[in-house]
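What follows is calculated from the coordinates using simple rules that are stated; it is not laboratory data. This is a predicted model, so every value here is computed, not measured. Note that each Cβ is placed from the backbone with ideal geometry, even for glycine, and that neighbours are counted across all protein chains shown.
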Number of protein chains: 2
Amino acid sequence: MIGVDWGTSSFRAFRMTADGAIIGRRAAPRGILHVENGGFAAALREEIGAWIAEGETRVILSGMIGSRQGWVEAPYLPCPAGAAELGAALVPIPFDGARLLLVPGLTDSDDAGTPEVMRGEETQIAGLLEQLGEDGIVCLPGSHSKWVRVTGGRITAFRTYLSGEAFAAIRADTILGRMMTDGPTDPAAFDRGVARAADHGHLLHHLFGVRTLGLFGRLGEAESASYLSGLLIGHEVRAALARAGTVHLIGAAPLCALYARAIATAGAQAIVMDEDAAARGLSRIARSASWT
Amino acid sequence: MIGVDWGTSSFRAFRMTADGAIIGRRAAPRGILHVENGGFAAALREEIGAWIAEGETRVILSGMIGSRQGWVEAPYLPCPAGAAELGAALVPIPFDGARLLLVPGLTDSDDAGTPEVMRGEETQIAGLLEQLGEDGIVCLPGSHSKWVRVTGGRITAFRTYLSGEAFAAIRADTILGRMMTDGPTDPAAFDRGVARAADHGHLLHHLFGVRTLGLFGRLGEAESASYLSGLLIGHEVRAALARAGTVHLIGAAPLCALYARAIATAGAQAIVMDEDAAARGLSRIARSASWT
């Protein structure tokens, strides 16, 4: 079978055996935002047509490809949901030469009734369940970071934080960004930002401190982007981490390493998972649908 | 005498009698960012040269004109400070045909030792002291909103919130902004954002809700900028307002009206002050310096 993790900015495909072993991979910077005029069928054929020609006939897809801006919109499934519920709600997509099924995203709502959504993360988490055990906390950092509670092998609740996108906007478009030079993350400055998040005062006040520390020569231009990153991630971790415990991180390795630092500072423990969770999740959901 | 409130984006001048009555006004979109190559002397002469020719010889200036990016840098004065301390620390600027004195800005530091700064607001507050009485809370909303405590007729502490600039950056540069249309503030949507700020959860989580409420058809494109504004101002007011009481607002009338709504929702009372506080403050500081 073929598993496809097709997001906003990237495309990853895995050729797998019936029990989920990965025997081929493709990756391209061909997220749904980079496919013009709805040309998803042609794009998919270019990426995995060779595997189909070699006899693969089953393709399972997850991610933003199932959103309103994607190929076919798959309605959100409510929490709680695990591999069985996801497998029972797959959405077919017509395609010549192979059978295509789409994993739906999930929805939840917070205490005040404001909706939550994910697309793609549910599949990565489904791929982690064996390592995670029945219960746990998973964090998927990024533009829209997700904090997910798993209970009894199913996703029972999740919350999203706009930290990554807020960082980019504040850096690009405020006076704080004008004081920042590019460069690798400075771990000491990042840690200072994380520590600042624990101080009295609101994030909107702490943000102004990035400016004044620079003005008074206490934060260098090469340090202030790292400090801002630590400040935002520190605020997110403190708000999301209800209690000490273990957080399983899924995502790009450098970002996971930063989150692990902030989680440790907050008194919890982080375990960074490998990056093939999506492939394992696609395989597991397909198997739960008795499809392989 | 002549008083000049010269900020980042605007220039305002007042011709006043010795006891502070305003007998002439000028305003121009000629903030320090719009004056090229340090041509502050020429710009000032264009704006108030006629008054000098008519016999005015004393000019007192406040605002970002005294910053590192301005004409002459006036070192920050530490809190507590009132009109007497400001008047004793005026910085002269050489100028043909008139005597120019610059009001310094103020500095403070928060509980954790992070610096705070203001330039111009100290003068507006000095102009309010008679109406305010000896003690009070003043809020000056804007890109960098200031919340100021006045005790015994002097500014004793202040905190800055980056709310206005964060609003602009999030609107310009995130997926939230792509769902917003321009238009006048929608009071009901603004109030929903203010109410949301009181819900459990962090601002970074509440921000993501602007997206999902739109996605689920519960917040229209014409409403979501107002909701975001209410969310940020609501967070700021809740963080800054230590206790119920009266907040004196100084600033542009439409923005003060929005802050007054959010302050009332938080259980306190707001009084919007008139916009000539800067002129009165310049006159009062000049008088305390025995200069008129």
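Things worth noting here:
- Efficiency of FRET from Cβ geometry, A:Asn37 and B:Thr156, R₀ 60 Å, rounded to 0.05: 0.45
- In degrees, nearest ten, helix B:203-215 long axis to first principal axis of chain B (Cα): 60
- Note that region B:112-121 has calculated 3J(HN,Hα) couplings of 8, x, 7, x, 10, 9, 9, 9, x, 5 Hz, one per residue in order, obtained from phi through the Karplus relation 6.51 cos²θ - 1.76 cosθ + 1.60 (θ = phi - 60°); glycine and proline are x.
- Across the identical copies, how the A:Glu54 labels are spaced - nm, sorted shortest first, 7 Å along Cα→Cβ: 8.8
- Under a 5 Å amide H cut-off, with hydrogens placed 1.01 Å from N, A:Thr8 pairs with A:Ile32, A:Met64 among residues at least 5 apart or on other chains.
- Convex hull of alpha carbon positions in chain B: directionally averaged projected area 15.8 nm².
- Near-label residues of region B:48-83 by backbone N, under 14 Å of a point 7 Å along Cα→Cβ of B:Val91: B:61-78
- Long-range amide H partners of A:Ala157 with built H, under 5 Å: A:Arg149
- Estimated from helices alone, the mean residue ellipticity of the protein assembly as shown at 222 nm is -11000 deg cm²/dmol (sum of -39500 (n - 2.57) over DSSP H runs with n ≥ 4, per residue).
- Tilt relative to chain A, helix A:40-53 - C-alpha long axis, 0 to 90 degrees, to 10: 60
- Packing-based ranking, highest mean first, of B:29-36, A:225-232, B:181-188 given that Cβ atoms within 10 Å are counted: A:225-232, B:29-36, B:181-188
- Rounded to whole numbers, the Karplus 3J(HN,Hα) couplings from phi for region A:81-89 are 8, x, 4, 5, 5, 5, x, 7, 10 Hz, using 6.51 cos²θ - 1.76 cosθ + 1.60 with θ = phi - 60°, and x at Gly and Pro.
- Rg/Rh ratio calculated on Cα atoms of the protein assembly as shown (Kirkwood radius): 1.08
- Modelled label positions at A:Asp199 and A:Phe216, each set 7 Å beyond Cα in the direction of Cβ, lie 0.8 nm from each other.
- Beta bridges assigned by DSSP with both partners in chain A are antiparallel in approximately 65 percent of cases.
- Against the main long axis of the alpha-carbon atoms of chain A, helix A:187-197 sits at an angle near 80°.
- Rounded to whole Hz, the Karplus (6.51, -1.76, 1.60) HN-Hα couplings of region A:139-147, x for glycine and proline: 10, 10, x, x, 3, 10, 5, 10, 10
- Taking a Cβ cut-off of under 9 Å around A:His144, the surrounding Lys, Arg, Asp and Glu residues balance to a net charge of +1, with basic ones at +1 and acidic ones at -1.
- Sorted into 10 angstrom bins from 0, the C-alpha pair distances of region A:1-127 split as 12, 45, 33, 8, 1, 0 percent.
- B:Gly24 label point (Cα plus 7 Å toward Cβ) to equivalent points in the other copies: 8.4 nm, shortest first.
- Between amide H atoms placed 1.01 Å from N, distances below 5 Å from A:Leu77 occur with A:Gly105, A:Leu106, A:Thr107, all of them 5 or more places distant or on a separate chain.
- Overall Cα dimensions of region A:163-272, principal axis frame, Å, largest first: 38, 29, 23
- Calculated label separations, A:Ile175, copies of the chain, 7 Å along the beta-carbon direction, nm: 3.1
- Within the shell of other residues whose beta carbon sits under 13 angstrom from the beta carbon of B:Met273, the net charge comes to -4, with Lys and Arg scored +1 and Asp and Glu -1.
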